[in-house]
Amino acid sequence: MLRTPNLILVGFMGTGKSTVGRACAATLGFPYHDTDMWIVRRARMPITQIFATEGEEAFREREREAIRHLTQRSAIVLSTGGGAPVDGGNAALLRESGIVILLTATVEAILTRVLRRANRPLLACDDPESRVREMLGHREPVYRDLAQATVDTSDLSSPEVADRVVALYRAMST
Ligand code: S3P
């Protein structure tokens, strides 16, 4: 029997993957999972502390482990950390395990959303705007190559984004 595909959300920090993912999971009646949440539970420390004590490479290894584990499931909603698809192995597992939807937002919207909380170690720098632009330049093509559909979240509320994502998932999974 065919497995029910996962609904996988990818995109840069601050594009609403977690909030939208939870709403989609509630609508679809699927369990919600999040690579960052999985890592935090396993490591028993917040992401900022993992970066500070173990470094980014150790975080990326934890992220690969999370993706190997979570992509074995079916019929879940999975939100991924913004850097996860940069790893080719992660991208392949995500693609195989479900329908990948990319959430995007303007640099302005991203900055407004992420700077509200001091929980993004990669943007804890003097010039977060340049950092976001530089990272987006590198990641945007990776996201576009992986995703089967894109929703621009800049001017939409989270429930509106979730409605569009669920509609795309339903159309693409039948
Ligand atoms: C990261 C994004 C974060 C988190 C970590 C690294 C990235 O997740 O995984 O801080 O490399 O873009 P969100 O995209 O959920 O903020």
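Applying a threshold of 7 Å to beta carbon distances and a minimum spacing of six or more residues, or different chains, the list of pairs starting in region 122-146 at a residue that is under 15 Å from THR106 (Cβ atoms) and of a type outside the set (S, T, N, Q) and ending at one that is modelled with pLDDT under 95 and open to solvent by 70 Å² or more (accessible area, probe 1.4 Å) reads PRO128/LEU115. Scanning region 1-60 for residues that are in a strand (DSSP E or B) and either open to solvent by less than 20 Å² (accessible area, probe 1.4 Å) or within 11 Å of the ligand (Cβ to nearest atom) (or both) yields ASN6, LEU7, ILE8, LEU9, VAL10, GLY11, ASP34. From the list ARG68, ARG164, ARG170, the lone residue that is part of a helix (DSSP H, G or I), touching a strand residue (DSSP E or B) at 6+ places or on another chain (Cβ under 7 Å) and open to solvent by 50 Å² or more (accessible area, probe 1.4 Å) is ARG164.
Taking the criterion of being within 13 Å of the ligand (Cβ to nearest atom) and either open to solvent by 30 Å² or more (accessible area, probe 1.4 Å) or more than 22 Å from GLY89 (Cβ to Cβ) (or both), the residues of region 126-135 that qualify are PRO128, ARG131, VAL132, GLU134.
Note on region 82-119: among residues that are more than 15 Å from the ligand (Cβ to nearest atom) and part of a strand (DSSP E or B), the one that is surrounded by the fewest Cβ atoms within 10 Å (Cβ to Cβ) is ILE99. Candidates are the residues of region 148-161 that are touching a residue at least 40 places away in the same chain (Cβ under 8 Å) and in a helix (DSSP H, G or I); the one that is least open to solvent (accessible area, probe 1.4 Å) is VAL161.
The values are calculated or read from the model by the stated rules, or taken from the named source; none is laboratory data. Predicted, not measured: the structure shown is a model, and the values here were computed from it. Please note: Cβ atoms are built from the backbone with ideal geometry, for glycine as well, and neighbour counts cover all protein chains shown. SASA here: full protein model, heavy atoms, side chains in, ligands and nucleic acids out. Shrake-Rupley method; radii C 1.70, N 1.55, O 1.52, S 1.80 Å.
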